[in-house]
Amino acid sequence: MHSEIYLDANATSPILPAAREAAQAALSDTFGNPSSSHGAGLRARALLDDARERARRVIQAGNGRLLFTSGATEGIQTAVLSALCAVRARRAAGLPCGDLLVYGATEHKAVPESLAHWNALLGTGLTLQALPVDGDGRHRLDVLRELMPRTALLCTMAANNETGVVSDLGGIADVLEACGSGALWLVDCVQALGKLPLALERTRIDYAPFSGHKLYAPKGVGMLYVREGAPYTPLICGGGQEAGQRSGTENMAGIAALGAVLRALEEGGTFKTTAQLAAARAPGDGAARRLPDLVFNAPFEHALPTTLNFSVPGMSGKALLDLFDAANLRVSAGSACSAGQAAPSHVLVAMGLPAWRCANAVRLSFGPLADDAFIDAACARIAHCGRALGAAPPPAQCATVDPVVPETGQGSVTALDRDELACFLDRHPGALLLDVREACEHAAGGAQLAGRATRNLPLSRLADEGEWLRDETRPLVFFCRSGKRSAQAARLALAFGQRRVWHLAGGLALLG
């Protein structure tokens, strides 16, 4: 239970070993500037050209543009800027142009934010219009047909980052063709690379951004496909790199690493195929069902097999995330939880799901590098979490304790970091180490600090221990997963009369 199992690949992925080696080689050996004409520069240029050609073949870019970027957000910004500059030019020339910027209601926030930003900055005065989705999370094509005559730019995604729902891109293309629309089309392909077949040259798609760190390349590198003939305006101007399409000296280490991932995709044998990924989901489905009354939030027939999004009645997403984290199983809450108040997922809200599912969803995601041994270990760990829930059910609500802290001079809370903890325990061998995670978290994975035994006293029960807290004479050190609940527990101990207490800043997450 001490080894970490990472199931948050839709957020970011680990680095492919070959990609790490390629990046290191670019930093140490092929470090020249690809714009330089000497030997070192020419070697760097060859590496850059090889990565670009591999990218073109993998996504089947045809005669379209393929430029390297810092990631998908830059690609989205560039595409939106290009489209809106074209709209403004058409209007200035008196040519017909739609007045709507249509985007899928479940898009990543980078899309509507970019649309609003450039629409205001360029003064195009278009209206942003969300395209609704149905209960399965797929775009309402009937509504799209109504909107297309007025649409200047359409933005959709190939697959959703929260639910894994795969868009009906063929159906969308049919609507555009049937309407005879001249609208430009941006498709966020971040979650598609390595998981869905891509043949962009045979599609109606005008812009397709990608991000390397979602598929085993480092953060800070991505690419943008632009269909041949689609309008293009550089987001970054300067020295004319990337054939004048994106200035700034290229991130050669990142591009080399992305090139290694593209090589693995092109040659095959490294990543699971689509069929193998579909087969890998079945045991994950079975293991997740060990959680009581679990409900999946997206239909499997329309979703990537690498993504499971679910909710559990009576459990907040934060409580579920804490449970998994206690078992060293890294997942994402499908919604933010701040001060005990869950912000519902805009994706699930758009799908029309019940409020409790929208506010308490959890996402498990893995990449196509996951082998059978990894899947089996993850499933065993998920099943263990289900058993821990049965042995020690969580409280109905997220524990929130925020007592009134005594006036200055009446006591203090001291935060200990990882290095200070060992020194503190050497000075105070009799200190009492209090794990304030909930009982189900403790059951999913106990904890020791510096090899010392600890006592589990959940934050939700701490208020009942006022007399004990008041009378305890040993130094008290509180800890939890992230440091938030331990700080609350320390303040509560002060309120009950302790003169000085300690807590582990950053919690178990920073102990590795």
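Each value in this text was obtained by applying a stated rule to the coordinates, not by laboratory testing. Quantities reported herein were computed from a predicted structural model and do not represent experimental measurements. A quick note on method: Cβ atoms are made from the backbone with ideal geometry, for glycine too, and the neighbour counts reach across all protein chains shown.
Volume per residue for the chain equals 179 cubic angstrom (convex hull of Cα atoms). Taking a straight Cα-Cα cut-off under 14 Å and skipping sequence neighbours fewer than 8 places away in the same chain, the aspartates and glutamates within cross-link reach of residue 272 are 371, 372. Estimated at 0.36 nm per residue, the fully extended path between residue 228 and residue 3 surpasses their Cα-Cα distance by 76.2 nm.
Annotation: amide H-H contacts under 5 Å for residue 188 (H modelled 1.01 Å from N, sequence separation of 5 or more, or interchain): 156, 157, 158.
Taking the DSSP bridge list for the chain and keeping only pairs wholly inside it, about 45 percent are antiparallel. Restricting the stretch 43-109 to trypsin sites (Lys or Arg not before Pro) that sit in a DSSP loop and have at most 13 other Cβ atoms within 10 Å of their own Cβ leaves 109. Translational diffusion of the stretch 1-149 was estimated from the Stokes-Einstein equation, with Rh taken as the Kirkwood radius over Cα pairs; at 25 °C and 0.890 mPa s the coefficient is 126 µm²/s.
For the stretch 18-127, which chymotrypsin sites (Phe, Trp or Tyr not before Pro) pass both filters: DSSP loop (anything but H, G, I, E, B) and at most 15 other C-beta atoms within 10 Å? Write down the numbers at each step before the final one.
Working: sites: 31, 68, 103, 118; in loops: 31.
Taking the stretch 18-127 and a limit of 15 other Cβ atoms within 10 Å, the loop chymotrypsin sites (Phe, Trp or Tyr not before Pro) found are 31.
Shown here are the Rg and Dmax of the Cα trace of the stretch 412-511, at 12.2, 33 Å. Bridging of residue 318 to lysines at a Cα separation below 24 Å is possible for 109, 214, 484, once same-chain residues fewer than 8 apart are set aside. A helix-only calculation puts the chain at -11500 deg cm²/dmol for mean residue ellipticity at 222 nm, using -39500 (n - 2.57) for each DSSP H run of at least four residues, averaged over all residues. For the pair residue 511 and residue 37, the difference between a 0.36 nm per residue extended length and the Cα-Cα distance amounts to 165.8 nm.
So if each residue of separation counts as 0.36 nm, and I subtract the Cα-Cα distance between residue 109 and residue 63, what length gain in nm does that give?
Details: separation 46, 0.36 × 46 = 16.56 nm, distance 3.00 nm.
So the extension gain works out to 13.6 nm.
Remark: relative contact order (the chain) = 16 percent; criterion is Cα-Cα distance under 8 angstrom and separation of 6 or more residues.
Where the only charges are on Cβ atoms (+1 Lys, Arg; -1 Asp, Glu), what is the dipole of the chain about its Cα centre, to the nearest 20 debye?
Using Cβ point charges on Lys, Arg, Asp and Glu, the chain gives about 340 debye.
Using the alpha-carbon centroid of each, what span in Å lies between the stretch 27-98 and the stretch 209-282? Between the Cα centre of the stretch 27-98 and that of the stretch 209-282, the gap is 10 Å.
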